[in-house]
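Enquirer: Got a structure here, written out as structure tokens. Questions coming.
The values are calculated or read from the model by the stated rules, or taken from the named source; none is laboratory data. It should be emphasised that the depicted structure is a prediction, and the values quoted were computed from it without experimental measurement. As a convention, Cβ positions derive from the backbone with ideal geometry for all residues, glycine included, and neighbour counts pool all protein chains shown.
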Amino acid sequence: MTTPPARHLLDPQNWVSAYADFLYRYAISRVNNEDQARDLVQETFLAGLQSQRNFAGKSSERTWLTAILKNKIYDVYRKKVNGLKTAEMNDQTGEEPDFFHEDGHWKQEHQPQAFGVDDFDPLANKELNRVLLLCLQKLPALWFSVFTMKHMEDEATEMICKELRLTQANFWVIIHRAKLNLRACLQRNWM
């Protein structure tokens, strides 16, 4: 007995009701733009319809659609950073302060402050997430893309560098500066 073609394993008529909310939440947390997130979900469904025959059935529909969406998001990142120059990485003051002593420990004035979220408090965590998203939106497009791919998608450094056409040195500078900016923004807006 032969196995039916893979497209019969998919149920495109139910994708919107079954996966639209999940895919939208996934997209909005990575692009921080409601209209763009909605467009990406629609593009994901369209791409899924167009590539049904490529579905091998090795994953669930949701996982397969999420992978398509992830690639669409990476396309957005590439478009945002296309043509950006590394000179954009320099902050407006030009010089970066020295945060560490020679022994590698934080200088007192630059030492991270406690955020006060050690205890589980759903309301406090919801507020922290809101502030974190606002802080992420303030990052330059390249920094946002690199930070999101590394810390939200858990992508390998080599893959990020290849996708965004960065050297590893540029990657680490961007990650370092993005973290410093996020820390400063959270300290200003969360504490």
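Enquirer: Condition check: at pLDDT below 90 and either surrounded by 15 or more Cβ atoms within 10 Å (Cβ to Cβ) or part of a helix (DSSP H, G or I) (or both). Does ALA178 satisfy that? Before the answer, list the steps.
Expert: On the way: at pLDDT below 90: no; either surrounded by 15 or more Cβ atoms within 10 Å (Cβ to Cβ) or part of a helix (DSSP H, G or I) (or both): yes.
No.
Enquirer: What are the residue pairs meeting all of these: first residue in the stretch 31-57, first residue in the same structural domain as ASN71 (by TED's automatic domain parsing), second residue not in a helix (DSSP H, G or I), Cβ atoms under 7 Å, and 6 or more apart or on different chains?
Expert: If the second residue must be not in a helix (DSSP H, G or I), the pairs left are GLN52/LEU10; PHE55/LEU10.
Enquirer: Further question: Would you check which residues across the stretch 5-23 are more than 18 Å from ASN71 (Cα to Cα), modelled with pLDDT of 90 or more and touching a Lys or Arg at 6+ places or on another chain (Cβ under 9 Å) and list them?
Expert: Residue satisfying the conditions is ALA18 alone.
Enquirer: If GLU155 satisfies every condition in (1) modelled with pLDDT under 85; (2) not in a helix (DSSP H, G or I) but one, which is the exception?
Expert: The single condition GLU155 does not satisfy is (1).
Enquirer: Shifting gears a bit: What is the residue count in the stretch 58-70 for residues that are part of a loop (DSSP other than H, G, I, E, B) and in contact (Cβ under 8 Å) with a residue 24 or more places away in the chain?
Expert: Pass one, the stretch 58-70, residues part of a loop (DSSP other than H, G, I, E, B): 58-60.
Now drop any that are not in contact (Cβ under 8 Å) with a residue 24 or more places away in the chain, which leaves none.
Going through the stretch 58-70 one residue at a time, the tally reaches 0.
Enquirer: In the stretch 41-71, how many are under 14 Å from the mean Cα position of the chain (by Cα) and buried (at least 19 other Cβ atoms within 10 Å of the Cβ)?
Expert: 1
Enquirer: Now for a separate question. Can you pull out the residues in the stretch 157-173 that are among the aliphatic types (A, V, I, L, M) and surrounded by 11 or more Cβ atoms within 10 Å (Cβ to Cβ)? Lay out the reasoning, then the answer.
Expert: In the first step, residues of the stretch 157-173 are kept if they are among the aliphatic types (A, V, I, L, M); the result is 159-160, 164, 166, 169, 173.
Those that are among the aliphatic types (A, V, I, L, M) and surrounded by 11 or more Cβ atoms within 10 Å (Cβ to Cβ): MET159, ILE160, LEU164, LEU166, VAL173.
Enquirer: Determine whether ARG78 is surrounded by fewer than 16 Cβ atoms within 10 Å (Cβ to Cβ), modelled with pLDDT of 80 or more, under 20 Å from ILE175 (Cα atoms) and in contact with a helix residue (DSSP H, G or I) (Cβ under 9 Å, 6 or more places away or on another chain).
Expert: Working: surrounded by fewer than 16 Cβ atoms within 10 Å (Cβ to Cβ): yes; modelled with pLDDT of 80 or more: yes; under 20 Å from ILE175 (Cα atoms): yes; in contact with a helix residue (DSSP H, G or I) (Cβ under 9 Å, 6 or more places away or on another chain): yes.
The answer is yes for ARG78.
Enquirer: Further, regarding this structure: GLU61 - would you say it is modelled with pLDDT of 85 or more and either more than 24 Å from LEU164 (Cβ to Cβ) or not charged (D, E, K, R) (or both)? Full working, then the answer.
Expert: Values: modelled with pLDDT of 85 or more: yes; either more than 24 Å from LEU164 (Cβ to Cβ) or not charged (D, E, K, R) (or both): yes.
So GLU61 passes the test.
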